Amino acid sequence: MQSVVAQQIPAELRQRFQTASQVLVLTGAGVSAESGVPTFRGGANTAVWQGLPFDVISSATALEHDLSAVWQWFDYRRGILRYLEPNAAHYTLARWQERFAQFTLLTQNVDGLHQAAGSNDVIEMHGSIWRARCISCGVRFEIPREGERPDICFACGDRLRPDVVLFGEMLPTGAFELAAHRASECELCFVVGTSALVYPPAALPEIAKASGAYLCEVNPEQTPLSDLCDVVLTGKAGDILPQLDQ
Ligand code: OAD
């Protein structure tokens, strides 16, 4: 693993970036940090809300026992997100979809900032904070940026829940399979702003690497994935990703 600071993007990475046709990017909370979205982990901190660690309130068990508390946590997060804008990293990744013959953007984020920056076909591995889903019939509803969120299903009348993957739940049907397929095909894989602790998404760079891809991590901190990477660019996504375009 080659570890370099942002200003020294290695020639090999630049050359691969210029010639690659199949590129995959996996993003995590860190890609939105410069927009003002708090990360879950990193800097030796863990997110806590009303005394509850995020992985307790964001869990299938919490949903089962207290749907309204789970909504309060997601309402709180939407309240923060409502006024935040994409940053340079989101905009750079949106440009990359035009640049490569096949470009796949996988995100663990539920904030919708990649789409706000113009990215299409984002594979949302953990759902979206801007949608609700019926706990019975599964119909999905957009949650407006302003005004009330729906809490009753218009189709069957049952309660709605956040359309977000909680701890203890499976990923959306087919999301991991599609992501794993794209990971196995890509030549160049970027892992941006994720602690790489949550599986199955953290397995995707491993699949890419095992299938022959060149693996590049972008993160101010080391992660469990760092040693597997061909190159680690140490710094902020909003500083580093635009430099690759130059
Ligand atoms: P984490 O909060 O675990 O990790 C954020 C990572 O971003 C850390 O490694 C930071 O060092 C890094 N980081 C911070 N600022 C950055 C910046 N400006 N540029 C680049 N990197 C930066 O977030 P995730 O790895 O996304 O799941 O967490 C994975 C999942 O755990 C989330 O999707 C969420 C959470 O539980 C669910 O809610 C299901």
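The figures follow:
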read-out	value
Qualifying positions in the range 202-225 - under 18 Å from Glu187 (Cα atoms) and near the ligand (Cβ under 10 Å from one of its atoms)	Ala202, Glu217, Val218, Leu225
Exclusive hit being more than 16 Å from the ligand (Cβ to nearest atom), basic (Lys, Arg) and surrounded by 14 or more Cβ atoms within 10 Å (Cβ to Cβ), set Arg149, Arg161	Arg149
Flag if Asp121 is closer than 30 Å to Ala208 by Cβ and surrounded by fewer than 16 Cβ atoms within 10 Å (Cβ to Cβ)	yes
Selection within the range 210-233 - closer than 17 Å to Gly28 by Cβ and touching a helix residue (DSSP H, G or I) at 6+ places or on another chain (Cβ under 9 Å)	Leu215, Cys216, Glu217, Val218, Asn219, Pro220, Glu221, Leu225, Leu228, Cys229, Val232, Leu233
Unique match (being buried (at least 18 other Cβ atoms within 10 Å of the Cβ) and on the phi < 0 side of the Ramachandran plot) among Ala202, Ala210, Ala196	Ala202
Subset of the range 230-246 [outside any helix (DSSP H, G or I) and either buried (at least 17 other Cβ atoms within 10 Å of the Cβ) or in contact (Cβ under 8 Å) with a residue 60 or more places away in the chain (or both)]	Asp230, Val231, Val232, Leu233, Thr234, Gly235, Lys236
The lone exception for Glu98 - which of (1) surrounded by 13 or more Cβ atoms within 10 Å (Cβ to Cβ); (2) part of a helix (DSSP H, G or I) it fails	(1)
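Okay, residues lined up against (1) in a helix (DSSP H, G or I); (2) at pLDDT below 95; (3) of a type in the set (Lys, Arg):
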| residue | (1), (2), (3) |
| --- | --- |
| Leu63 | yes, yes, no |
| Gln72 | yes, yes, no |
| Arg77 | yes, yes, yes |
| Tyr83 | no, yes, no |
| Ala94 | yes, no, no |
| Thr104 | no, no, no |
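The values are calculated or read from the model by the stated rules, or taken from the named source; none is laboratory data. Just so you know, these numbers come straight off a predicted model, no measurement behind them. Reconstructed Cβ throughout: ideal geometry from the backbone, glycine too, with neighbour counts over all protein chains shown.
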